[in-house]
Amino acid sequence: MRLRSGRSVTARTDIVIHPAKNLAGAVRLPGDKSISHRYAMLGGLAAGKTRLRNFSTGADCASTLGALAALGIVIVRGEDGLVEMEGAPWRAPRGALDCGNSGSTMRMLSGILAGQPFTAELTGDASLSRRPMARVIEPLSRMGARIEASAGGRPPLRITGRQLQAIDYRVPIASAQVKTAILFATLFAGGTTAVEEPMRTRDHGELALQAFGAELTRHGNRVTMTGGQKLRAIEATIPGDISSAAFFLCAAALFPGSNLLLDSVLMNPTRAALLDVLLGMGCRISVVNLEEHHGELIGMVSVAGAELKGATIAGALSAALIDELPVLAAIGPYTTGGIEIRDARELRVKESDRIAAVARNLRAMGAAVEERDDGLRVPGSQPLHGAEIDSAGDHRIAMAFAVAALRASGDTLIRGAEAAQISYPEFFTTLEALLER
Ligand code: S3P
C-alpha cells in the first residue's frame, strides 16, 4: 500500500491496495461512533465530570465535540481516546455549528437544541447539505421548536429552542438518529413522550440515557419517557466500533485460512447482525468474554474465513445492517451464491448514494451487478480485477472497496481514500498490518 499524496489529514489521498494471500492477527478498535456521539452530547448536559475512554477517533465525533465546545462545554482530550467534559448550561454559539460530514451530529444535536433558550444554526459539508432533515424537523417542530431549513428540508438548519411539550410519535422511516433526537428533546419537554419505530433500530440512545440516570420504558418498538429528567455524569470505556470491525470481518471472511481476533468489540444485539450473516455464509465465528457496561454488551470475537456462500438481506435485517451493507455487497462476487440486498432505499441518502456507488465500483472491477431502487443483486462466483475506485467522499465506500481489492487480480487504486477518516482514520494502516502477501 502506498500513499499517493496527502500532506494534511484532509488532503485528497489515493491509496493503492495490492491483492493479499491471507489475513491474520489481532485488532483493538477505536470506540463506537454511535455511542461516542451520544455519550458526548449527554456528558455536555449531565451534572458533574464525564470521563470517556476509547472515544471514537473519527472526524464525525470530532464534529460533535467541536459543536459542544462552541456551545460552551469545556472538553479536554487526552491520550488513548480519553475525553473529559463537565456538563453545564449550554450558551448561544457565536457562529454556525459546523457538523462537517456528520448526519448524527446534526440530527441528534437538533433534539437538544430544540429545548435550549437560544437560536443556533447547524451547517455541514457538501454531502451533509444534501441529506434529508425533515425527518427531525417534523417531530421537533411538533414538540414546539422553531426550525428553518433550506428547500426540501435540507441543511443548514436554524433552530430556535423553547420549553417543549410531549408528543406521541410514530417514526415513518426507521432511524435511530431520529428516535434519539426525540428522546434527547424529551429532556426539555413537559409530559410523557412516546416514540414508536416501524422496526427495531439501534438502541444506544435509550441505553445512554439510562446510563446517565434517566428512566424510560421500552415495549417492543415503543419507547416512553417522562420529560424534564436530570442527568448525572458517567465514566465509561467506549466499546470498539462493530461497523469499523465489519471491514476486517469481511476481509477475513474472504480467506479460508484467515484468523482474526477482535478485542472489546460492541456486541449490542441491535448492531451485531453481521456476525449471524457471516455465520450463515459459512465463516467460523466465536464470541467470548462477554461483558456488559452501561447496558452495552462487549465481547472478544474471533473469525476464520471460508468458501463463502451467498446471502439475501431484506426487511428488518436491512435496517439492522444498514452501515455494513456496502462491504457485504462488495464481497458478493467472491461468494458462491451472490449477495442480494432489498428494502434498503435509505442507502441512497447516506453520506453518498451507496447503492449507486457500490454498483459503479463493482462494475469498474469487472462484476455484473443489478442495481435496484431499494438495493442490489450481486451475482456470485465472479472474479474481480483491480481498478480505479471512486470513494464518492464516503468513508464506508472507501473501506468496502479496499476489502474487495484484496482478492482481485492486480492492484486497485482507491481515489478519495481520506474519507476513511470520517469514522476510522487508522483503517488502512491497521488493515495493512494484518495482511499476508
Ligand atoms: C446511526 C444511525 C443510522 C446509521 C448511522 C448512525 C446512529 O442512521 O446509518 O451511521 O448512530 O443512530 P439512520 O438513523 O439515518 O438510520
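Tilt of helix 33-43 relative to the longest C-alpha principal axis of the chain, in degrees (0 to 90, nearest 10)?
20 degrees
Normalise the Cα radius of gyration of region 154-200 by 2.2 N^0.38 Å (N = residues in it) and let me know the number.
With N residues counted in region 154-200, Rg over 2.2 N^0.38 Å equals 1.22.
For the ranges 118-130, 62-74, 28-40, what's the packing order if you count other beta-carbon atoms within 10 Å of each residue, average per peptide, and put the highest first?
28-40, 62-74, 118-130
What per residue convex hull volume, in Å³, do the alpha-carbon atoms of region 233-282 yield?
Dividing the Cα hull volume of region 233-282 by its residue count gives 73 Å³.
How big is the dipole moment of the chain about its Cα centre under a simple scheme where the beta carbon of each Lys and Arg is +1, that of each Asp and Glu is -1, and everything else is neutral? Debye, nearest 20, please.
720 debye
If one takes the longest principal axis of the Cα atoms in the chain, at what angle in degrees, from 0 to 90 and to the nearest 10, does the Cα axis of helix 103-113 lie?
Taking the Cα atoms of the chain, the angle to 103-113 is about 10 degrees.
Above 39 angstrom, tally the Cα pairs of the chain and express them as a % of all pairs, no decimals.
The proportion of pairs with Cα distances above 39 Å equals 17 percent.
Just to be sure I follow: if Rg is taken over the C-alpha atoms of region 118-250 and Rh is the Kirkwood radius over the same atoms, what is Rg/Rh?
That ratio equals 0.99.
DSSP loop (so not H, G, I, E, B), at most 13 other Cβ within 10 Å: list which trypsin sites (Lys or Arg not before Pro) in region 141-234 pass both filters. Walk me through the numbers on the way to the answer.
On the way: sites: Arg142, Arg146, Arg158, Arg162, Arg170, Lys179, Arg200, Arg202, Arg218, Arg222, Lys230, Arg232; in loops: Arg162, Arg200, Arg202, Lys230.
Answer in residue order: Lys230.
So if R0 is 45 Å, what FRET efficiency would Arg232 and Arg360 give, r being the distance between their Cβ atoms, rounded to the nearest 0.05?
0.40
To the nearest Å, what is the center-to-center distance of region 351-366 and region 281-324, using C-alpha atoms only?
Centre-to-centre (Cα) distance: 24 Å.
Find the accessible area per residue for the chain; the probe is 1.4 Å, ligands and nucleic acids are left out, and the unit is Å².
36 Å²
Can you give me the solvent accessible area of Phe428 with a 1.4 Å probe, rounded to the nearest 10 Å²?
Surface accessible to solvent at Phe428 totals approximately 20 Å².
Probe radius 1.4 Å, ligands and nucleic acids ignored: give me the carbon and sulfur share of the accessible area of the chain as a rounded percent.
Working: 7940 of 15810 Å².
That fraction is 50 percent.
If Lys and Arg each add +1 and Asp and Glu each add -1, what is the summed charge of the other residues whose beta carbon sits under 15 Å from the beta carbon of Leu321?
Residues close to Leu321 contribute a combined charge of 0.
Find how much the distance from Arg12 to His219 grows on full extension, using 0.36 nm per residue of separation minus their present alpha carbon separation; answer in nm with one decimal.
69.9 nm
Using Stokes-Einstein with the Kirkwood hydrodynamic radius over Cα pairs, what translational diffusion coefficient do you get for region 350-417 at 10 °C and a viscosity of 1.306 mPa s, in µm²/s rounded to a whole number?
133 µm²/s
Can you work out the FRET efficiency for the pair Glu121 and Val76, with r the C-beta to C-beta distance and R0 = 35 Å, to the nearest 0.05?
On the way: r = 26 Å, r/R0 = 0.75.
That gives a FRET efficiency of 0.85.
Any idea what the alpha-carbon Rg over 2.2 N^0.38 Å comes to for region 302-437? All intermediate terms of the calculation are to be shown ahead of the outcome.
Values: Rg = 13.9 Å, N = 136, 2.2 N^0.38 = 14.2 Å.
The value comes to 0.98.
Would you be so kind as to identify which of Ala114, Phe255, Gly280 lies farthest towards the positive end of the dipole of the chain, taking Lys and Arg as +1 and Asp and Glu as -1 on Cβ and the Cα centre as origin?
The residue sitting most towards the positive pole is Ala114.
Under the √(5λ) rule applied to the eigenvalues of the Cα gyration tensor, what semi-axes describe the equivalent ellipsoid of region 292-361? Give them in Å, descending.
Ellipsoid semi-axes (Å, largest first): 23, 19, 11.
Would you mind checking Lys230/Lys350; Lys49/Lys230; Lys33/Lys309; Lys179/Lys230; Lys21/Lys350 for any pair whose Cα atoms are more than 23 angstrom apart?
Lys230/Lys350; Lys33/Lys309; Lys21/Lys350
Could you list the GluC sites (Glu not before Pro) in region 178-218 that lie in coil according to DSSP, counting only those with at most 15 other Cβ atoms within 10 Å of their Cβ?
Glu215
Grab the Cα-Cα distance for Arg345 and Gln165, subtract it from 0.36 nm times how many residues apart they are, and report the gain in nm with one decimal.
Numbers: separation 180, 0.36 × 180 = 64.80 nm, distance 3.21 nm.
Taking 0.36 nm per residue and subtracting the Cα distance, the gain is 61.6 nm.
The values are calculated or read from the model by the stated rules, or taken from the named source; none is laboratory data. Because the structure is a prediction, the values reported are computed rather than measured. Counting neighbours? That spans all protein chains shown, and the Cβs are built from the backbone with ideal geometry, glycine included. Just so you know, the surface numbers come from the protein's heavy atoms only, side chains and all, with ligands and any DNA or RNA stripped out. Shrake-Rupley method; radii C 1.70, N 1.55, O 1.52, S 1.80 Å.
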